[in-house]
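Single-structure report; data block below.
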Amino acid sequence: MPSKYQPQVSCWREDLPKWVYTTKLHLSNNKKLRYANDDYCEFSRRLGGGYFARWITIFFSSIFVLLSLLALYMGVFVIITEIDGRILTISVSLLLLFVAYFLFQFLLNTLFSPEDCPIRFNRKTGKVYVYEHFILYFGAWIILIRSPFRAKEITVKEFNWADIQGCMTSVSVPLASGGMVRSYRLECVVCEPNTTKVI
């Protein structure tokens, strides 16, 4: 039986019912729960692997940006001075310009992006706030038209708790020795109010 939420989530396994779960047991913190009280709780979505990984990424991406700009400069010099091989040099220079732009975009996002974009569940207002940063959409086409100097921009998306539903997804991977390893994930889908159409 397929999911009642359409379009269906990839690797869907089952729709989860929405109920209130209460317990007297203390909830364990897996370092994702940043804050919780009677009014709201906030979960972390840390974007990087820590300070060391961030600075290593900045170092190597800045070196690659400089190398691609140097190669681009040399390509422009060859285009101006040489007659033979201009078409190949122009095409390689355009490719290098494209690569330099993406590397520069990646460098600015790594330098200026926030370390965390949390999700906040507000119990009093019945709202869910999702803080998002542009780096989360690095694979989207919008990267071509968006200025790389807007790297600090954070958007806050607000949803009604009643419009958020839960699904369980699973991925199975066969083992060489026989058998299967299955991984489960809980995912939230946001639907249009009073419908099952996923937005």
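The values are calculated or read from the model by the stated rules, or taken from the named source; none is laboratory data. Every value quoted in this text rests on a predicted model; they were computed, and no experiment measured them. All Cβ positions, even for glycine, are placed from backbone atoms using ideal geometry, and neighbour counts span all protein chains on display.
State yes or no: is L186 in contact with a helix residue (DSSP H, G or I) (Cβ under 9 Å, 6 or more places away or on another chain), modelled with pLDDT under 85 and among the hydrophobic types (A, V, I, L, M, F, W, C)? First the steps, then the outcome.
Details: in contact with a helix residue (DSSP H, G or I) (Cβ under 9 Å, 6 or more places away or on another chain): no; modelled with pLDDT under 85: yes; among the hydrophobic types (A, V, I, L, M, F, W, C): yes.
Judged against the criteria, L186 is not a match.
How many residues, within segment 19-50, are surrounded by fewer than 12 Cβ atoms within 10 Å (Cβ to Cβ) and modelled with pLDDT under 80?
Keep residues of segment 19-50 that are surrounded by fewer than 12 Cβ atoms within 10 Å (Cβ to Cβ), which gives 19-31, 35, 37-39, 49-50.
Within this subset, residues satisfying the condition of being modelled with pLDDT under 80 are 19-31, 49-50.
Number of matching residues: 15.
Restricting to segment 166-188, name every residue that is of a type in the set (A, V, I, L, M), in a strand (DSSP E or B) and out of contact with any Cys (no Cβ under 6 Å at 6 or more places or on another chain). Steps first, please.
Step one: of segment 166-188, the residues of a type in the set (A, V, I, L, M) are 168, 171, 173, 175-176, 180-181, 186.
Still in the running and in a strand (DSSP E or B): 168, 171, 173, 180-181, 186.
Answer for segment 166-188, where residues must be of a type in the set (A, V, I, L, M), in a strand (DSSP E or B) and out of contact with any Cys (no Cβ under 6 Å at 6 or more places or on another chain): M168, V173, M180, V181, L186.
Looking at A53, A71, can you tell me which residue is assigned to a helix (DSSP H, G or I) and at pLDDT 80 or above? I'd like the intermediate steps shown before the answer.
Values: A53 fails: at pLDDT 80 or above.
None of the other options fit; the residue is A71.
Could you figure out which of (1) among the charged types (D, E, K, R); (2) surrounded by fewer than 14 Cβ atoms within 10 Å (Cβ to Cβ); (3) free of Cβ contacts under 8 Å to residues at least 40 places away in the same chain isn't true of K127?
K127 satisfies every listed condition except (2).
Counting just the residues of segment 79-108 that are of a type in the set (G, A, S) and in a helix (DSSP H, G or I), which one comes out farthest from L67 (Cα to Cα)?
Looking only at segment 79-108, we keep the residues that are of a type in the set (G, A, S), and these are 85, 91, 93, 100.
Subsequent filtering for residues that are in a helix (DSSP H, G or I) retains 91, 93, 100.
Working: S91: 18, S93: 13, A100: 9 Å.
Residue satisfying both the conditions and the ranking: S91.
Any residue at all in segment 3-18 that's more than 21 Å from the chain's Cα centre (by Cα), surrounded by 15 or more Cβ atoms within 10 Å (Cβ to Cβ), at pLDDT 80 or above and in a loop (DSSP other than H, G, I, E, B)? Before you say what the answer is, go through the steps one by one.
Going residue by residue through segment 3-18, those that are more than 21 Å from the chain's Cα centre (by Cα) are 3-6, 13-18.
Among the residues that remain, those that are also surrounded by 15 or more Cβ atoms within 10 Å (Cβ to Cβ) are: 3, 5, 13, 15.
Keeping just the survivors that are at pLDDT 80 or above gives 3, 5, 13, 15.
Imposing the further condition that a residue be in a loop (DSSP other than H, G, I, E, B) reduces the set to 3, 5.
Scanning segment 3-18, I find at least one residue that is more than 21 Å from the chain's Cα centre (by Cα), surrounded by 15 or more Cβ atoms within 10 Å (Cβ to Cβ), at pLDDT 80 or above and in a loop (DSSP other than H, G, I, E, B), so the answer is yes.
Just checking, which of I87, I83, I79, I119 is over 28 Å from Y51 (Cα atoms) and surrounded by 14 or more Cβ atoms within 10 Å (Cβ to Cβ)?
Numbers: I87 fails: surrounded by 14 or more Cβ atoms within 10 Å (Cβ to Cβ); I83 fails: surrounded by 14 or more Cβ atoms within 10 Å (Cβ to Cβ); I119 fails: over 28 Å from Y51 (Cα atoms).
Result: I79 is the single residue among I87, I83, I79, I119 that is over 28 Å from Y51 (Cα atoms) and surrounded by 14 or more Cβ atoms within 10 Å (Cβ to Cβ).
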